[in-house]
Amino acid sequence: MKEFWKSNSYNIVKCFLNQIAITMFGLMIAFATMQNKTFLLVGSLFSIGFYLFLTYYMFWEIGGKDRILEDGGRRQKTPLRGLIVSLIAYIPMILMAILLLVTYPYGETMESAGNLYMVINMLTRFLHAMYLGLATLYSPENPIVWLLVCLPMPVVAQFGYMLGNRNFRILGLFGIKPNLKDETR
């Protein structure tokens, strides 16, 4: 366990910091496009796509580095490392989404549950600002949405890790070849 934290703490913190950075980006996009539903939808989809691309790229690099270490015998193969690291980094968001689901039914009858729901709802909307446009347009009062938006990031992280570990570039499907220097070919 200690070895896991030692080798993955940097990636967990980096993943969480990416979440915070894209939160700021998503808030700017959401506030700028709030007056028009079409712009809000397009801005939200762009924010989500950008966030998932950053996640994919980050874990693609981790998978590529792990492949080098695995081939050299310096690291044991961990095929689910992308999923595990992303889920650990996403624990605060998942816990807040679960708390929203638990406190939602009691929000009208119990004052303390209602207050807790309001605070956690505000924090969840802040931390998932890139999904704010979709949630506002299609399900503004349903707390299950905030649990569902926790699903794409770990899936994309694992996908990126697996492709990086196999040194497969997704842009190769579109015929885009990276511009590599001669010494790295």
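Rule-based calculations on the coordinates, nothing more; no lab input. The shown structure was predicted, so the numbers you read here are calculated from the model rather than taken from an experiment. Cβ sites come from the backbone with ideal geometry, for glycine too, and all protein chains shown count toward neighbours.
Per-residue answers, yes or no, for (1) exposed (fewer than 15 other Cβ atoms within 10 Å of the Cβ); (2) free of Cβ contacts under 8 Å to residues at least 40 places away in the same chain; (3) under 21 Å from residue 128 (Cβ atoms):
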residue: 1; (1), (2), (3): yes, yes, no
residue: 5; (1), (2), (3): yes, yes, no
residue: 9; (1), (2), (3): yes, yes, no
residue: 12; (1), (2), (3): no, no, yes
residue: 15; (1), (2), (3): no, no, yes
residue: 22; (1), (2), (3): no, no, yes
residue: 25; (1), (2), (3): no, no, yes
residue: 31; (1), (2), (3): yes, yes, yes
residue: 40; (1), (2), (3): no, no, yes
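Just wondering, is there one or more residues in the range 105-122 that are within 21 Å of residue 47 (Cα to Cα), surrounded by fewer than 22 Cβ atoms within 10 Å (Cβ to Cβ) and without any contact (Cβ under 8 Å) to a residue 60 or more places away in the chain? The answer is yes, given that some residue of the range 105-122 is within 21 Å of residue 47 (Cα to Cα), surrounded by fewer than 22 Cβ atoms within 10 Å (Cβ to Cβ) and without any contact (Cβ under 8 Å) to a residue 60 or more places away in the chain. So, residue 155, is that one under 24 Å from residue 84 (Cα atoms), β-branched (Val, Ile, Thr) and touching a helix residue (DSSP H, G or I) at 6+ places or on another chain (Cβ under 6 Å) or not? Against the criterion (under 24 Å from residue 84 (Cα atoms), β-branched (Val, Ile, Thr) and touching a helix residue (DSSP H, G or I) at 6+ places or on another chain (Cβ under 6 Å)), residue 155 does not qualify. Summed over the range 38-85, the residues that are in contact with a Pro (Cβ under 8 Å, 6 or more places away or on another chain) and more than 19 Å from residue 13 (Cβ to Cβ) give a count of 2.
Kindly indicate whether residue 175 is touching a Gly at 6+ places or on another chain (Cβ under 8 Å) and under 30 Å from residue 66 (Cβ atoms). Taking the combined requirement at face value, the residue does not satisfy it. Of the set (1) more than 23 Å from the chain's Cα centre (by Cα); (2) farther than 18 Å from residue 166 by Cα; (3) not in a loop (DSSP other than H, G, I, E, B), all apply to residue 100 but (1).
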